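First the structure, in the form of structure tokens, and then the observations on it.
Nothing in this text is a laboratory measurement; each read-out follows from the coordinates by a stated rule. All of these numbers come straight from a predicted model, not from anything done at the bench. In this analysis, Cβ positions are derived from the backbone assuming ideal geometry, glycine residues included, and neighbour counts consider all displayed protein chains.
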Amino acid sequence: MCRKLFLLVLVLGLVGTASAAPTWIGTVSRAWGTGGNWTGGAIPGTGDSPLVSWKNTDTVPFTPLISTEDITVGKLNIAGTDGSGYLEMTGGSLYVLPGDGMLIGNSSRSAYAQMDISGGALTVEDDLRIGRRSLFTFNQTGGTVDVIKFKPGARTQDPAHDLVGVTRINLDAGLLNADYVAFYQRVSIHLGDATMVIDSTAGVQVPTAIDAEVDAAIANGSLKAYGVKSGTVIGSVTYSIVKSWNAFNDVLTVTAVPEPATIALLGLGGLALLRRRC
């Protein structure tokens with residue numbers, strides 16, 4: 001009997017230990033790859049589901065930065081459990097295994113979440129759900145983001161779940177590659193010099209569904225060209241969003257460019273200015 005009781009206590013102890021998610025505390029530095037920045041003193045590994053979140057009343061000395069590390073984790077939750085969170089990538093790689101995917105801003109409307117990526121590679125082999133509940137900003141000025149399902153914005157306005165966050169996505173450079181897109185409520189995507197590629201060859205979303213989703217986002221202003229609704233004229237420049245299909249492999253490329261005639265006029269103006277300088 002004593003032996004059975006000992007084994008039961010041991011098993012329960014192991015289960016309790018395994019279920020604890022490594023949580024960012026940032027007590028040493030900003031480096032993701034430093035064990036002292038995590039609860040338990042160990043860097044999250046392949047089988048872990050790290051949590052980068054803190055309550056607004058908490059004091060976190062350093063926010064996490066991925067610069068040279070090559071990281072592989074399970075589910076990654078940034079700004080969850082009624083807290084805020086932040087993550088920056090300037091290099092290295094972050095690979096989220098198939099499963100529950102990556103959640104950013106899944107807390108409450110009183111919380112704030114942000115991710116900045118200027119370099120490196122973020123790969124999510126599942127959903128990238130961002131701004132589901134919290135105020136959220138995503139800034140991409142470089143690097144690559146490769147996801148299976150890209151889902152920005154609040155799913156519903158259900159008061160019971162406090163889903164009233166606002167999602168702002170600024171794609172100023174780099175590449176965002178997805179097999180599926182779903183623009184939910186209270187989200188705006190500023191498409192600057194970045195390229196958005198939607199690849200339906202994975203079978204996640206058929207081309208007609210992709211067209212409808214992107215067209216709806218362009219029409220209602222959720223997807224914006226250089227921060228303004230497609231077709232807006234500012235001065236002599238008409239900003240628009242251009243879709244180009246590669247019919248051979250069902251890949252849609254979405255880019256934001258000034259209206260072609262305006263580009264030609266700007267080019268002529270530049271030549272005239274250059275001639276005057278000469």
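Numbers below:
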item: Check: the stretch 77-143 dipole with +1 on Lys, Arg Cβ and -1 on Asp, Glu Cβ, in debye; result: 260
item: FRET efficiency estimate (nearest 0.05) - Cβ-Cβ, Val28 to Asp116, R0 25 angstrom; result: 0.75
item: Fully extended contour minus Cα-Cα distance, from Asp70 to Val233, at 0.36 nm per residue; result: 54.3 nm
item: 15 Å Cα-Cα reach of Lys75 towards aspartates and glutamates, excluding residues that sit fewer than 8 places from it in its own chain; result: Asp48, Asp100, Glu125, Asp126, Asp127
item: Candidate lysines for bridging to Lys243, where Cα separation is under 20 Å - those fewer than 8 sequence places away on the same chain excluded; result: Lys149, Lys151, Lys224, Lys229
item: Förster-model FRET efficiency, 35 Å R0, Ala209 and Ala173, C-beta, rounded to 0.05; result: 0.80
item: Residue order, fewest to most beta carbons within 10 Å, for Asp116, Asp179; result: Asp116, Asp179
item: Test item: Cα-centred dipole of the stretch 24-277, Lys/Arg +1 and Asp/Glu -1 on Cβ, debye; result: 920
item: Extended-chain gain in nm, criterion 0.36 nm per residue less alpha-carbon gap, Ala202 and Ala216; result: 2.8 nm
item: Difference of contour (0.36 nm per residue) and Cα-Cα distance, Tyr95 to Phe248; result: 52.2 nm
item: Dipole of the stretch 24-277, positive direction: furthest Cα of Thr34, Ile66, Thr201, with charges on the beta-carbon; result: Ile66
